[in-house]
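Please treat every number below as a calculation from the coordinates, not as lab data. Note that the structure is a prediction, hence the values are computed from the model and not measured. Glycine gets a Cβ as well: all are built from the backbone with ideal geometry, and neighbour counts include every protein chain shown.
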Amino acid sequence: MDHKFSAIIEARMLSSRLEGKVLKKIHNKEILRHIIERVKKSQCLDNVVVATTKNRKDDKIISLLKKLKINFFRGSSQNVLDRIIRCADKYKINYIVRITADNPFTDYKLIDYMINHFNKCTDIDFLANNHYGDPKKRIIAYGLDLSLFSLSSLKKVRKLSNKKKIFLEYPTLYYHTKGKHLFKIKNILLARQMIINNNYRLTIDTQDDFEFIKRIFKEYKKVYRKYDYLEINKIRNILNKKKSLIKINNKIKQFVPEV
């Protein structure tokens with residue numbers, strides 16, 4: 001059965017380690033805009049919506065989204081779980097691709113690959129590509145993470161999680177922890193050409209991460225002469241050739257929420 005999916009991109013200005021990162025620019029384009037443009041290339045998404053907060057600092061995000069004519073929702077800054085649900089309800093989204101705005105190389109081909117896989121499964125509630133965030137099992141680089149799930153199952157998570165703070169902040173955490181026997185969950189093994197290995201951090205949490213991503217863009221332009229779309233396999237080729245780049249941010253510790 002083919003389900004209609006929409007992408008919900010979580011974005012806000014406040015960040016404990018790098019405030020305002022979603023609007024920082026790489027080659028005259030905001031990180032959030034890079035992500036939106038990459039996601040909109042998907043052939044399997046019905047809609048792309050940004051879920052931000054009611055905090056006044058996020059007015060800057062809204063200004064950008066209005067300029068780009070992108071749908072948005074403003075909700076709680078602390079309760080991300082509720083924000084996603086209310087966003088989905090507003091835009092009548094039944095199946096969600098969850099994306100965070102600190103991952104500038106979010107890839108539309110990977111999105112479509114996972115949606116097609118989800119549609120081939122029977123009654124699946126939750127599909128991940130990162131071994132549920134387990135650092136000992138994950139294969140892919142931080143920053144290529146995606147999760148797909150039904151709105152109906154996320155509403156069950158809201159009821160079952162008893163408003164526990166960790167589940168409000170990390171809305172998909174319940175599926176593979178407390179709820180792993182209550183929901184039908186699956187981790188997808190990606191095709192080799194879609195993988196950049198877990199030695200690399202392609203997410204932006206710190207200034208070092210930001211500098212690393214900028215260097216990838218710079219090296220990409222040198223080799224491929226344009227920025228139309230940074231292909232995953234081409235990014236991997238650059239990293240393989242410029243192995244010293246990893247030193248820029250490989251000492252950054254990735255936060256992994258625990259129950």
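For this structure, a couple of remarks:
- The loop-placed trypsin sites (Lys or Arg not before Pro) in the range 187-244, going by DSSP, that have at most 12 neighbouring Cβ atoms within 10 Å of their Cβ come out as Arg225, Lys226.
- Extension gain, Lys178-Lys40: 0.36 nm per intervening residue step, less the Cα-Cα distance, totals 46.3 nm.
- Here's the picture: a label point sits 7 Å out from the Cα of Lys234 along the beta-carbon direction, and within the range 196-212 the residues with their amide nitrogen under 19 Å of it are 196-197, 202.
- Karplus-derived HN-Hα couplings along the range 29-45 (A = 6.51, B = -1.76, C = 1.60, θ = phi - 60°), whole Hz, x at Gly and Pro: 9, 4, 4, 4, 5, 3, 5, 4, 5, 5, 5, 5, 6, 4, 8, 10, 9
- The relative contact order of the range 96-165, computed from alpha carbon pairs under 8 Å that lie at least 6 residues apart in sequence, is 42 percent.
- Sites listed here are GluC sites (Glu not before Pro) in the range 211-259 whose DSSP assignment is loop and whose Cβ has at most 16 other Cβ atoms within 10 Å: Glu231, Glu258.
- Considering the range 1-147 at the alpha-carbon level, its Rg and Dmax are found to be 15.0, 44 Å.
- Of the trypsin sites (Lys or Arg not before Pro) found in the range 103-164, the ones in coil according to DSSP and having at most 15 other Cβ atoms within 10 Å of their Cβ are Lys136, Lys137, Lys163, Lys164.
- Counting other Cβ atoms within 10 Å as a rough exposure proxy, the listed residues Val39, Val157 run Val39, Val157 from fewest neighbours to most.
- For the range 5-198, a crude dipole built from +1 on the beta carbon of Lys and Arg and -1 on the beta carbon of Asp and Glu, taken about the Cα centre, is about 440 debye to the nearest 20.
- Separation in nanometres of the label points that stand 7 Å from Cα toward Cβ, at Asp2 and Asn162: 4.3
- Overall form of the range 103-259 per C-alpha gyration tensor (a/c, 1.5; a/b vs b/c): prolate
- Helix 207-224 and the long axis of the chain differ in direction by around 60°, with both axes built from C-alpha atoms.
- Estimated from helices alone, the mean residue ellipticity of the chain at 222 nm is -10000 deg cm²/dmol (sum of -39500 (n - 2.57) over DSSP H runs with n ≥ 4, per residue).
- From the alpha carbon centroid of the range 77-105 to that of the range 182-259 is 23 Å.
- Prolate/oblate/rounded label for the range 51-124 (Cα gyration tensor, a/c 1.5): prolate
- Relative contact order for the chain: 19 percent, from Cα pairs under 8 Å spaced at least 6 residues apart, divided by residue count.
- Taking label points 7 Å from Cα along the Cα-to-Cβ direction, Ile139 and Ala191 give a separation of 1.4 nm.
- Distance between the 7 Å Cα→Cβ label points at Asn199 and Tyr224: 2.1 nm.
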